[in-house]
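Structure, as structure tokens:
The values are calculated or read from the model by the stated rules, or taken from the named source; none is laboratory data. Keep in mind that this is a model prediction, so the values were computed, not measured. A quick note on method: Cβ atoms are made from the backbone with ideal geometry, for glycine too, and the neighbour counts reach across all protein chains shown. Quick note on the areas: whole protein, heavy atoms, side chains included, nothing else; ligands and nucleic acids left out. Shrake-Rupley method; radii C 1.70, N 1.55, O 1.52, S 1.80 Å.
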Amino acid sequence: MKPSTVPASTPSLRQSSGRYLQTKWKGLIIAVPYLWLVLFFLIPFFIVIKISLAESIIASPPFSSLLNWTEDGALQLSLLFDNYAYLWEDELYYKTYLNSIKVAFICTLICLFIGYPMAYGIVRATPTQRNILLILVILPFWTSFLLRVYAWMGILADQGTLNNLLIWFGLIDEPIRMLYTPFAVYLGIIYSYLPFMILPLYANIEKLDMNLLEAAAALGAKPLITFLTVTLPMTLPGIIAGSLLVFIPATGEYVIPDLLGGGNSFMIGKLLYSEFNNNHDWPVAAAVAVALLILLVLPMMLYQNVQARQVGVKT
Amino acid sequence: MSTDLNDTHRPWLDPKQEPFIKIRGVTKRFGDFTAVDNVDLDIYKSELFCLLGGSGCGKSTLLRMLAGFETPTAGNIFIDGEAVANIPAYARPVNMMFQSYALFPHMTVEKNIAYGLKRDGLPKKEITRRVAEMIELVELGDFRQRKPNQLSGGQRQRVALARALVKQPKVLLLDEPLAALDKRLREHTQYELMNIQDQLGVTFIVVTHDQEEAMTLSTRIAVMDQGRFIQTGTPTEIYESPDSRFVANFIGSANIFQGHVITSTADHVVVRSAQDDTLQFTVRHSAELAQNTKVWVAVRPEKIRMLKDAPTTPGPNQLAGSVHDIGYLGRLSNYKIKLDNGKMIDVTHPNQTRPTSGRHLVDWDERVYLHWDSASAIVLTH
Amino acid sequence: MIHKRSRWVIAMLCFGLAFLYVPIFLLILYSFNHSKLVPIWGGFSTRWYTVLFESPEVWEAVMLSLRIALINATFATLLGTLAALAMVRFGRFKGRTLFSGMISAPLVMPEVITGLSLLLLFITLADIIGWPGARGFTTITIAHITFSMAYVAVIIQSRLIGMDQSIEEAAQDLGAKPLRVLWDITLPILAPGMLAGWLLAFTLSLDDLVIASFVTGPGSNTLPILIFSRIKLGLKPDINALATLIILTVSIGVLLAAWLMWRQEKQRMQDRKMASRTDH
């Protein structure tokens, strides 16, 4: 074949036109959700940080401006880390942080302990049973979270179902105080977040190749050894995803400690809420929020990483 | 197909013929990676042209540039005289049949086929007529109201073909058209595809990694590797006269001996094996080669005769060895012969007689003598 | 065929499901209790349903919540779909890392933080540009869209990744311009995912208490805000009645969706059988 000289077409600036929307619509498709998130997610975030650095004053809004015009006309930036120092110094705050982590951690462990065998049982059921069981797990997830917490108020109250039952069986003479105790908070969190543990675990265990277990058994491993050396490591991504899905929101939980824990529960979400709505100390509330976020940023990033790998999205 | 040697069927031999598709200096880079490297190619009207190569050789990228899904980094493509490099896919007189068939899952067979015509804004009557015609051509009359997931693999393939052909494109691009079918259906569909192409006279460009498919289907084949054409020619040319060791090995298999030219005359060359001084090959060859040129002699396994008795007269192209392995394939057997100098040679023989009492013509470890005609081997210079 | 050795697994499964459902059943049971004291059985009665239906406050809250949920679900589906397209289809673009962070962060962000930050934004905005003048319907809807679009985006993303891109190329090859491809091919294929996303966004909005109570203003009580303010001080039998109605509605919806999906799956199995029969 004779090489002939033909003027080259203008080299395309487009990397690949294989993606059909990669034309004039690309900009619009990205810009709309992008702007929305910048305006309603990113900027609010910076406002929180800004206010956490301000001084609480009695005014509306109840915080000082960070930017001040000094007398000679220069713009002065006044940063106050007082609010953070306050969180550090006041025992109430850091104890509440520690308590939130403790509660969330223990609840996560218990959810994992209950959820793992449940997820495993669902995977091992027949297809019809499996569909029914899955719906049973998902159903509470779609029904009102608030009402399911409320249901426990009726069970745990002094005159509630559980106390009545225990007295009727003659196990106790006097009602035990259960509502408005830390116990109720633990119970409420485990109850509310159990489906969040089961579903990622189910998705992960379902993908597990059962031949592996048979192979391990054929090689002479006892069931417990098989579980520890094959099943558990293979389902670790599901365990991590499920645990984070319980741990992260549980740490910042507000409704459960407020309704079930009453005045005796010290959780960070509740503290933030009352600092803001009852004490009207916005700068401290903002500082509490930032501190909570710093606490959760590692688990949150870990979750995104696990999630991205499961969905297959490259980030 | 290529038994007819009439020149109207071989337009590429006629310098007065204007190629229908001209690819000129086309390069495609993705970042640092060069997928297609400055290629030129002419394809003539009504050809069934195959781009053949392994995965990542650039054949699919070239096809996608023809379809308009990729823009060449440099160079241009002309279809029927029109430069198309910057025309978007939806405006090109070209249609494509995808490897996955890419049928619209939410549309019936009929709607799938009609989609392209609707985009052209044809009158309803015309659309109905042409869709009906196409459905008849690909024999899908009973399935016109079915959705793709209610069809078998072979039926889906035919819907994809009909959908691409109904717009009467100037060129039909087929990306691995048979890869998703099982072996039996593949053979049947191969001939169906050829018949349809013959009937409609549309130029087909087929991308495939399957050399057998390329050999059966095409008028000409371009063998690609690392973004370049290695050799272009009819199936017979490519198989019988490969011009490089790569092509000789890629299309079918070949026994290759390295050596040096001892004498070269107008019609043959004599080559001495580099591995074994006592071995000499005589090969009929038209081009003259200088003495001592480093060359490779290639012989196809089926062109080697295998005998149990030693030849009575010594001559060129004679080898001896013992049977190392036998692969029985039914209609033929593959033998691995270990030569006395240790080299392994592949020999293929048709099983023309039934083995008596379960024993084959030759047995393991049996001594055999190999020989081939000087016209059966070829000399390769690279 | 549950494994022989897994008696323990079955026991845990039963215990777990009982744990999930007993409180809900008790909640429903007490809604038919005549007594004003929730946990003490005073005979069967539907009086609390009557009380509920006669309360204009409840109806107002239901209507507000439904309005917010509808608009939220629609906008969240739209924005979430665009965001998913941007994430999956455009490879690398400027600011993609920030974008991917912003689109997935609301999924794990504690509600109190989301609520607080949005409220502070609305206050700041009102200070600077005078909008939003009063908080309520609009501010709650915006807040809900912001976090529910992230859920929609996750659903659509996984569907987009699983989709054969050559289907879109085929449409283009047959003469469809980009917007035509979007309308004829991409959107119909994404439709089930968008429907699922819409339903999820709708439910999330109906269910949200924390964010709504931050960004709402006086007089705008969504249903969860109303319920919360009532139960904060103890058990209220009419709330049991309301809870029963909500739980039944949602359950019927979920079961219906499950049934539809099951039927679709059966249809698909039949299609496959039909396809394999007709091969030659």
Shielding score for A:40-53, defined as the mean number of other chain Cβ atoms within 10 Å: 6
Backbone HN-Hα couplings from phi across segment C:122-131 [Karplus 6.51/-1.76/1.60, Hz, Gly and Pro as x]: 4, 5, 4, 4, 4, 5, 8, 10, x, 10
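Using the Cβ atoms and a cut-off under 12 Å, what net charge is assigned to the surroundings of C:D184, where Lys and Arg are +1 and Asp and Glu are -1?
Numbers: positive: B:K111, B:K118, B:R119, C:K177, C:R180; negative: C:E168.
Net local charge, C:D184 excluded: +4.
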Overall form of chain C per C-alpha gyration tensor (a/c, 1.5; a/b vs b/c): oblate
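For chain C, what relative contact order do you get, as a whole percent, if you take Cα pairs closer than 8 Å and at least 6 residues apart? Provide the component values of the computation, followed by the final result.
On the way: 270 pairs, mean separation 83.8, N = 280.
Relative CO of chain C lands at 30 percent.
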Coil-residue chymotrypsin sites (Phe, Trp or Tyr not before Pro) of segment A:132-206, DSSP, other Cβ within 10 Å capped at 10: A:F169
Inter-chain Cβ neighbour average for residues C:81-94, partner chain, 10 Å: 5
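Could you run the numbers on buried accessible area between C and A, total for both chains, 1.4 angstrom probe, in Å² to the nearest 100? Don't skip to the answer; put the middle values down first.
Details: alone 18540 and 20680 Å², together 30250 Å².
Result for this pair: about 9000 Å² buried.
Given A:K24/C:K94; B:K303/B:K336; B:K294/B:K338; B:K308/B:K338, which pairs have Cα atoms separated by over 20 Å?
Details: A:K24/C:K94 16 Å; B:K303/B:K336 14 Å; B:K294/B:K338 24 Å; B:K308/B:K338 14 Å.
Pairs exceeding the cut-off: B:K294/B:K338.
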Share of carbon and sulfur in the accessible heavy-atom surface of segment C:55-252 [1.4 Å probe, %]: 68
Residue-count net charge about C:S65 - beta-carbon cut-off 14 Å; Lys, Arg +1, Asp, Glu -1: -3
Two-site FRET efficiency, C:W183 against A:F169, from Cβ-Cβ distance with R₀ of 51 Å, rounded to 0.05: 0.20
Rounded to whole Hz, the Karplus (6.51, -1.76, 1.60) HN-Hα couplings of segment B:296-310, x for glycine and proline: 10, 9, 10, 10, 6, x, 7, 8, 9, 8, 10, 10, 8, 9, 5
Share of pairwise Cα separations in chain B, more than 27 Å, in percent: 59
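Got the relative contact order for segment A:91-280 handy, in percent, Cα pairs under 8 Å and 6 or more residues apart?
Relative contact order here is 33 percent.
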Whole-Hz couplings from phi, Karplus 6.51/-1.76/1.60, listed for segment B:359-376; x for Gly and Pro: 9, 8, 3, 10, 10, 3, 6, 6, 7, 9, 10, 10, 7, 9, 6, 5, 7, 8
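Anything over 21 Å Cα to Cα? Flag those among A:K26/B:K147; A:K26/C:K177; B:K147/C:K273, in the order listed.
Values: A:K26/B:K147 31 Å; A:K26/C:K177 14 Å; B:K147/C:K273 14 Å.
Where the Cα-Cα span goes over 21 Å, the pairs concerned are A:K26/B:K147.
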Inter-centroid distance (Cα atoms) of segment A:124-155 relative to segment B:338-381, Å: 72
Burial order of peptide ranges C:192-201, C:252-261 (average beta-carbon count within 10 Å, highest first): C:192-201, C:252-261
Burial ranking of peptide ranges B:338-350, C:150-162 (average Cβ count within 10 Å, highest at the top): C:150-162, B:338-350
Cα-based reach from A:K95 at 19 Å (exclusive), listing lysines while leaving out same-chain residues under 8 positions away: A:K270
Spin-label zone in segment B:117-158 - amide nitrogen under 11 Å from a point set 7 Å from the Cα of B:N195 along the C-beta vector: B:137-139
Alpha-carbon centroid distance for the pair segment B:263-291 / segment B:61-82, whole angstrom: 43
Cut-off under 5 Å, modelled amide H: who pairs with C:N33 long-range: C:S45
Relative contact order (%) - chain B, alpha-carbon pairs under 8 angstrom, separation at least six: 14
Candidate aspartates and glutamates - alpha carbon under 18 Å from C:K36, same-chain residues fewer than 8 apart omitted: A:D158, C:E54, C:D238
Under 15 Å, Cβ to Cβ, from B:L332 - net charge with Lys/Arg +1 and Asp/Glu -1: +2
